[in-house]
Amino acid sequence: MSREKLRALGLDLPLLPTTSVGSFPKPNELQQARTRWARGLISRDELERLERRATEFWIRTQEELGMDVLVDGEQYRGDMVTYFAENMRGFEIGGLVRSYGNRYYRKPIIVSEVRWERPITVFWWRFAQSLTAKPVKGMLTGPYTVMDWCFNEYYPDRRATCLALAREIRKEVEALIEAGARIIQIDEPALSVRPQELPLAREALQIVTDGLPAYFISHACYGAFEKIYPEMLTLPVDNFDLEMSNSNLDLLEHFKRSPFTKDLSFGVVDVHSHVIEDVETVVARIRQGLEVVPAEALWIDPDCGLKTRTVEEAIAKLRVIVEAVGRMRAAIA
Amino acid sequence: MNLILTNAGSYPRIGDTPDEQILRQTLARFDRQEATEADIRRAEDEMVRRAIAEQIEAGLDLVTDGQIRWYDPISHIAGKLGGTKINGLLRYFDTNFYFRQPVLVDRLVRECPLLVEEYRYACSVSSRPVKPVLTGPYTLAVFSLAERAEYRDLERRVEDYATVLAEEIADLAAAGADLIQVDEPAIVLDDVSFDLFAAGLRALARAKGTARLALYISFGDVSPLYERLQDLPVDVLGLDFTYSPQLVDRIAVEGSAKALGLGLIDGRNTKLESEAEIAAALERLLPAIRSEVAYLNPSTGLEFLPRDRAFRKLQHLVRIGLRFKR
């Protein structure tokens with residue numbers, strides 16, 4: 001079903017396509033430049049020059065490794081919610097809030113009506129796609145997660161906030177498709193937060209994707225997905241990209257009880273561990289994935305964005321994925 | 001009625017100015033092996049001192065150490081116990097915050113006091129009384145994975161957590177804590193066992209000596225539990241009103257035999273509540289409480305807010321609370 005959709009979009013992907021969830025670590029020079037830019041010591045142009053250089057580095061790296069569906073690496077983003085809040089109307093960027101351990105982010109505050117005014121990610125998608133013949137995913141954060149990850153001082157409730165965001169985020173999806181993106185990933189890591197709100201998340205994603213010609217992936221991680229499974233399969237996307245390895249592949253048991261009916265991007269390496277998995281471990285995980293999803297429906301990637309790893313660790317983890325997939329393809333053939 | 005203005009637990013461990021980021025930087029330097037554990041301890045001490053100073057400046061009567069040293073509400077306690085190892089990340093209720101899940105690999109034992117030193121330090125830098133806060137046995141048990149076979153049984157997990165936490169309660173009481181807060185948010189989840197939850201609290205109550213226990217519950221609607229909570233062997237019930245639209249009415253009608261911790265101010269959103277609405281709720285609640293004291297506090301710890309907003313929330317709480325103080 002989804003293979004047909006991919007082909008109709010002009011995409012002929014190999015078996016077990018390899019991809020990434022979105023973010024890659026920023027090289028040191030870019031990290032330092034971001035700090036200097038925040039202090040007003042370098043110009044926006046200078047920062048952007050380094051962001052382009054880092055994006056080129058990651059596109060080249062993914063090509064050299066032999067990845068099939070590429071990402072731009074999000075070298076221009078701070079984090080997945082704040083970046084969109086900074087580039088839409090209606091938000092104020094708040095102070096630092098802890099997300100876990102020693103990690104913090106600037107949680108936006110919705111202070112007035114949210115409005116999409118101009119393309120946000122299209123410039124970077126175009127730039128990344130211009131560097132490669134492989135498909136590059138369009139990447140954005142979904143309305144349910146933006147709602148859940150912002151303070152709200154304007155809308156009466158969560159539902160009104162979420163649906164208003166959905167109507168605006170759809171405009172970004174339309175702009176990406178207009179630019180030529182055929183695979184679009186909508187990150188919804190907050191999906192399992194309040195299981196009773198799954199219908200709201202579905203309604204919002206429907207607004208974002210309805211009738212648009214693209215293959216839609218939704219990424220989610222570090223939640224209690226067993227609580228929204230199998231209901232989550234009713235969401236209007238083609239592919240779920242799920243963190244599996246950090247939680248010992250616990251979800252597989254649920255997929256055995258109730259069939260997973262969409263394409264699955266299967267997280268085979270833990271992005272929160274410095275340890276580089278060996279190829280055998282990843283091959284074993286892929287085999288376990290194949291027990292619940294047919295080979296035509298299985299994509300292989302890391303659990304989540306690799307931005308918390310070092311550049312070397314991120315590349316090493318991707319290399320293991322490509323090698324393991326190579327072995328599996330040979331075994332299947 | 002004596003209305004005591006207090007905090008419900010955590011306070012931000014970071015802020016926007018460079019001197020409010022020393023703990024983050026020290027932890028990052030420690031990861032690069034450029035700082036020692038003693039450096040971390042000093043940075044934590046400094047941020048505890050600041051958290052307490054800000055709570056006092058805002059006007060609170062009773063403060064906490066801000067749980068500045070806590071990696072998260074689960075692994076900070078579980079990780080200090082023998083018999084555990086710490087696993088991957090899991091979202092903490094419906095917040096944007098993640099905790100590390102403990103795995104029980106061996107029999108749970110308390111090899112040393114968990115929070116007593118932290119409590120003593122907080123007292124030493126506070127001009128106001130300090131309330132120690134710990135996570136309760138039921139919540140720790142629910143969020144722990146069992147590698148050891150006997151712990152696949154939730155009852156055994158609750159029992160053993162309760163045993164080690166009872167020792168801690170006794171030590172905190174001996175160290176001078178007059179009021180000890182026990183957080184049990186897991187009781188708002190689906191499919192809970194109220195009996196196991198109550199049994200865990202009974203074990204803690206037996207160990208409290210002359211201290212009083214405050215049970216705090218957040219992140220869910222507590223109205224359906226309200227009657228049964230009144231029967232628990234605790235001295236104060238801390239309730240999160242932000243999830244419980246019927247709760248003010250219910251308490252106004254049924255009253256409360258216990259002192260209440262009134263979580264009327266939302267500790268999770270930056271928006272400042274209408275002063276008139278909170279005051280109207282207090283007008284109805286306070287006469288219904290058949291106790292000498294009541295507590296006014298945010299609905300949760302304040303770590304979910306940026307530092308400047310957390311401070312403003314406390315100021316807002318104090319502004320409203322002062323109208324009701326004797």
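Results for (1) farther than 30 Å from B:Val142 by Cα; (2) touching an Asp or Glu at 6+ places or on another chain (Cβ under 7 Å); (3) assigned to a loop (DSSP other than H, G, I, E, B), shown as yes or no for each residue.
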site: B:Thr26; (1), (2), (3): yes, yes, no
site: B:Ala43; (1), (2), (3): yes, no, no
site: B:Met47; (1), (2), (3): yes, no, no
site: B:Thr95; (1), (2), (3): no, no, yes
site: B:Leu104; (1), (2), (3): no, yes, no
- [ ] Among the helices (runs of 4 or more DSSP H) lying completely within region A:1-89, list those that include at least 3 residues that are closer than 27 Å to A:Ile177 by Cα.
- [x] A:2-8, A:44-65, A:82-86
TODO: Output the residue which, of all residues in region A:193-203 that are within 14 Å of chain B (Cβ to nearest Cβ) and more than 20 Å from A:Glu243 (Cα to Cα), is modelled with the highest pLDDT.
DONE: A:Leu200
TODO: List every residue pair whose Cβ atoms lie under 8 Å apart, where the two residues are 6 or more positions apart in sequence or sit on different chains, the first residue falls within region B:23-34 and is closer than 11 Å to B:Met47 by Cβ and more than 9 Å from chain A (Cβ to nearest Cβ), and the second residue, located anywhere, is surrounded by fewer than 18 Cβ atoms within 10 Å (Cβ to Cβ) and of a type in the set (A, V, I, L, M).
DONE: B:Thr26/B:Ala35; B:Thr26/B:Ile40
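Looking at region B:67-93 only, could you name the residues that are in a strand (DSSP E or B) and more than 8 Å from chain A (Cβ to nearest Cβ)? Don't jump to the end; show me each part of the working.
Filtering region B:67-93 down to residues in a strand (DSSP E or B) leaves B:82-91.
Matches in region B:67-93: B:Gly82, B:Gly83, B:Thr84, B:Lys85, B:Ile86, B:Asn87.
B:Asp65: surrounded by 18 or more Cβ atoms within 10 Å (Cβ to Cβ), acidic (Asp, Glu), touching a helix residue (DSSP H, G or I) at 6+ places or on another chain (Cβ under 7 Å) and on the phi < 0 side of the Ramachandran plot, yes or no?
On the way: surrounded by 18 or more Cβ atoms within 10 Å (Cβ to Cβ): yes; acidic (Asp, Glu): yes; touching a helix residue (DSSP H, G or I) at 6+ places or on another chain (Cβ under 7 Å): yes; on the phi < 0 side of the Ramachandran plot: yes.
Taking the combined requirement at face value, the residue satisfies it.
Yes/no matrix, rows are residues, columns are (1) more than 14 Å from chain A (Cβ to nearest Cβ); (2) farther than 24 Å from B:Ile14 by Cβ; (3) loosely packed, with under 15 Cβ neighbours inside 10 Å; (4) without any contact (Cβ under 8 Å) to a residue 60 or more places away in the chain:
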{"position": "B:Ile265", "(1), (2), (3), (4)": "yes, no, no, yes"}
{"position": "B:Arg284", "(1), (2), (3), (4)": "yes, yes, yes, yes"}
{"position": "B:Ala288", "(1), (2), (3), (4)": "yes, yes, no, yes"}
{"position": "B:Arg309", "(1), (2), (3), (4)": "no, no, no, yes"}
{"position": "B:Arg312", "(1), (2), (3), (4)": "no, no, no, yes"}
{"position": "B:Leu317", "(1), (2), (3), (4)": "yes, no, no, no"}
{"position": "B:Leu322", "(1), (2), (3), (4)": "yes, yes, yes, no"}
- [ ] Please determine, by comparing only the residues of region A:204-226 that are in a helix (DSSP H, G or I) and surrounded by fewer than 17 Cβ atoms within 10 Å (Cβ to Cβ), which one is nearest to the other protein chains (Cβ to nearest Cβ).
- [x] A:Glu226
Task: Residue pairs meeting the criteria (Cβ under 7 Å; at least 6 apart or on separate chains; first over 14 Å from B:Arg312 (Cβ atoms) and within 7 Å of chain B (Cβ to nearest Cβ), in region A:89-100; second aliphatic (A, V, I, L, M) and in a strand (DSSP E or B)) - done: A:Tyr100/B:Leu89
Task: Hits in region B:181-208 - residues which are modelled with pLDDT of 95 or more and part of a loop (DSSP other than H, G, I, E, B) - done: B:Glu184, B:Ser193, B:Ala207, B:Lys208
Task: Considering residues of region A:101-119 that are in a strand (DSSP E or B) and crowded, with 19+ Cβ neighbours inside 10 Å only, the residue farthest from the other protein chains (Cβ to nearest Cβ) - done: A:Val114
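The values are calculated or read from the model by the stated rules, or taken from the named source; none is laboratory data. Keep in mind the model is a prediction, meaning the values are calculated, not measured. Reconstructed Cβ throughout: ideal geometry from the backbone, glycine too, with neighbour counts over all protein chains shown.
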